[in-house]
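The values are calculated or read from the model by the stated rules, or taken from the named source; none is laboratory data. Worth saying up front: this structure is predicted, and the values here are computed from it rather than measured. Please note: Cβ atoms are built from the backbone with ideal geometry, for glycine as well, and neighbour counts cover all protein chains shown. Protein only, heavy atoms only, side chains kept; ligands, DNA and RNA dropped before computing areas. Shrake-Rupley method; radii C 1.70, N 1.55, O 1.52, S 1.80 Å.
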Amino acid sequence: MHEEIWITKLFNDHLAGLGNGALNLVGWPSVPRPWTNYVAMELLVAALIMLVFAMLKSRLSADRPGKMQQTFELIYEFVDSQGKEQVEQHSDRYFSFFGTIFIFILFSNLIGVIPTMESPTMYPSVPLGCAAAVFLYYNYVGIREVGIWSYLKHFAGPLWWLAPLMIPIEIISHCARPMSLTIRLFANMYAGEQITMVFLGLTFLGVPAVFMGLHVFVSLIQAYVFMVLTMLYVGAATAHEH
């Protein structure tokens, strides 16, 4: 059981009724302190993202773009270029999903660098939720783009007589993808968080900054890997036969 951080304590002290209302909607019983660290941090991340983009929208300028606008233009170009590399065609149709996944995971990873905060991605439930969204999304767009019959034919492989072998392999492979995405992100962020906390407790002055820098690097890499794998899955699902 993780100790409550300050924001979770605020939620449980003042919004316990709202939390229990959400639990009751899905059939779970009420509890004295319904909010967990990762749920509170997820909500904080979502609020921060909306605040950042509201500030960005108010400062957009074609003539004199500020540093904030330039930063997000670089992120836009980076995500767009990666999408065009990984998706065969019409990558712009999926840009909003790719960008949302990347920004949410990046912010969730980086917020753990702030003292008294925790990365929600260091809890398995958050990566699992993101992985489930990716799984549902790429299957949905695959069926939408190529049709249900053509999409299911992907599972049978290129040769009809290999279908009895390929179909079970493909089903297992697709079902393993959410688990792979979840474990990769959770394990790396949890390990990074624990290593950072250990060294912060053992060292002083400027030395902890090195490990915080390492945490930032891991956060960036994991957000990138999650996004690229999402693009690969979407690209494979929407590929047309030639």
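Placing a label point 7 Å from the Cα of residue 153 along the Cα-to-Cβ direction, the residues of region 221-238 whose backbone N falls under 16 Å from that point are 237-238.
Accessible area per residue for the chain is 59 Å², calculated with a 1.4 Å probe on protein heavy atoms, without ligands, DNA or RNA.
Each Lys and Arg adds +1 at its Cβ and each Asp and Glu adds -1 at its Cβ; summed about the Cα centre, region 39-168 shows a dipole of about 160 debye.
Solvent-free Debye calculation, one equal scatterer per alpha-carbon of the chain: log10 I(q)/I(0) at 0.12, 0.14, 0.17 Å⁻¹ equals -0.85, -1.06, -1.30. Count Lys and Arg as plus one, Asp and Glu as minus one, and take only other residues whose Cβ is under 15 Å from that of residue 40; the net charge is then -3. Taking the chain as the reference, fit the longest principal axis to its C-alpha atoms, fit the long axis of helix 163-202 to the helix C-alpha atoms, and give the angle between the two in degrees, 0 to 90, nearest 10. The angle comes out near 20 degrees. Helical runs assigned H by DSSP (4 residues or longer) give the chain a calculated mean residue ellipticity at 222 nm of -25000 deg cm²/dmol, each run adding -39500 (n - 2.57) before division by the residue total. Within the listed set 70, 82, 222, the residue fluctuating most in the Gaussian network model of the chain (springs between alpha-carbon atoms under 10 angstrom) is 70. Of 142, 192, 129, which has the largest mean-square fluctuation in a 10 Å C-alpha GNM of the chain? With Cα springs under 10 Å in the chain, the top fluctuation among 142, 192, 129 is at 129. Only the Cβ atoms of Lys and Arg (+1) and of Asp and Glu (-1) were treated as charged; on that basis the dipole of the chain about its Cα centre amounts to roughly 180 debye.
Using a cut-off of 15 Å between beta-carbons, work out the net charge of the residues near residue 189 (Lys and Arg +1, Asp and Glu -1, residue 189 not included).
Details: positive: 184; negative: 42, 118, 193.
Taking every Cβ under 15 Å from that of residue 189, the sum is -2.
Apply 1/(1 + (r/R0)^6) to the Cβ-Cβ distance of residue 139 and residue 64, taking R0 = 30 Å, and write down the FRET efficiency to the nearest 0.05.
Numbers: r = 44 Å, r/R0 = 1.46.
The value I calculate is 0.10.
Rolling a 1.4 Å probe over the protein heavy atoms of the chain, with every protein chain left in place, gives an accessible area that is 71 percent carbon and sulfur. Run the reach check for residue 57 against aspartates and glutamates, Cα to Cα strictly under 13 Å, same-chain hits fewer than 8 apart removed. What comes back? Here the aspartates and glutamates satisfying the reach criterion relative to residue 57 are 73.
Largest GNM mean-square fluctuation across 72, 102, 135, computed for the chain with C-alpha springs under 10 Å, falls on 72.
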